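> Can you keep this structure in mind? I'll have questions shortly.
The values are calculated or read from the model by the stated rules, or taken from the named source; none is laboratory data. Not measured: the values here are computed from a predicted model. FYI the Cβ positions are ideal-geometry reconstructions off the backbone, even for glycines, and counts take in every protein chain you see. What goes into the accessible areas is simple: the full protein's heavy atoms, side chains included, and nothing from ligands, DNA or RNA. Shrake-Rupley method; radii C 1.70, N 1.55, O 1.52, S 1.80 Å.
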Amino acid sequence: QVRLVESGGGLVQPGGSLRLSCAASENIFSVLNMNWYRQAPGKQRELVATISTGGSTSYADSVKGRFTISRDNAKKTVYLQMNSLKPEDTAVYHCNGGGSASRYWGQGTQVTVSS
């Protein structure tokens with residue numbers, strides 16, 4: 001069973017930055033697209049960023065130009081660099097492998113953007 005463990009969340013002021021990490025127990029990056037989702041209270045889960053098995057990336061319009069997804073195959077870790085954070089970025093961020101129907105999910109890490 002593949003495990004995904006997120007870290008790096010916290011409280012940050014508007015305009016600040018955070019880097020989230022997602023460590024995988026096995027190297028699944030060659031077979032699964034890796035995703036970051038987020039869910040804010042009372043809102044639907046949102047796909048934030050994807051890095052494909054081939055390394056191409058895509059982003060939700062709401063984070064384009066501010067967030068960057070990357071991965072380190074040797075460390076079996078996917079990252080989400082988040083810059084110019086806004087209060088509306090506040091949510092629990094989840095790492096996922098293979099898409100929303102997949103069973104490969106992390107437990108989530110809370111990101112709170114507030115002054």
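> Measuring from the lowest to the highest alpha carbon on each principal axis, how far does the chain reach, largest first, in angstroms?
39, 25, 23
> Just to confirm a number: summing +1 for Lys and Arg and -1 for Asp and Glu over residues other than Gln13 whose beta-carbon lies under 13 angstrom from that of Gln13, what do you get?
0
> A further question follows. Counting only protein heavy atoms, what percent of the accessible surface of the range 1-45 is carbon or sulfur at a 1.4 Å probe?
46
> Given a 1.4 Å probe, how much area per residue of the range 1-110 is accessible, in Å²?
51
> Let me spell out the model: positive unit charges on the Cβ of Lys and Arg, negative unit charges on the Cβ of Asp and Glu, origin at the Cα centre of the range 27-115. What dipole size does that give, in debye rounded to 20?
Roughly 140 debye for the range 27-115.
> Under the Karplus relation 6.51 cos²θ - 1.76 cosθ + 1.60, θ = phi - 60°, what is the ordered set of whole-Hz ³J(HN,Hα) values for the range 93-108, x standing for Gly and Pro?
9, 10, 8, 8, x, x, x, 5, 8, 6, 8, 9, 10, x, 7, x
> Could you give the longest part of the chain that holds none of the trypsin sites (Lys or Arg not before Pro) found in DSSP loops with at most 11 neighbouring Cβ atoms within 10 Å?
Between the exposed loop sites, the longest stretch runs 1-42.
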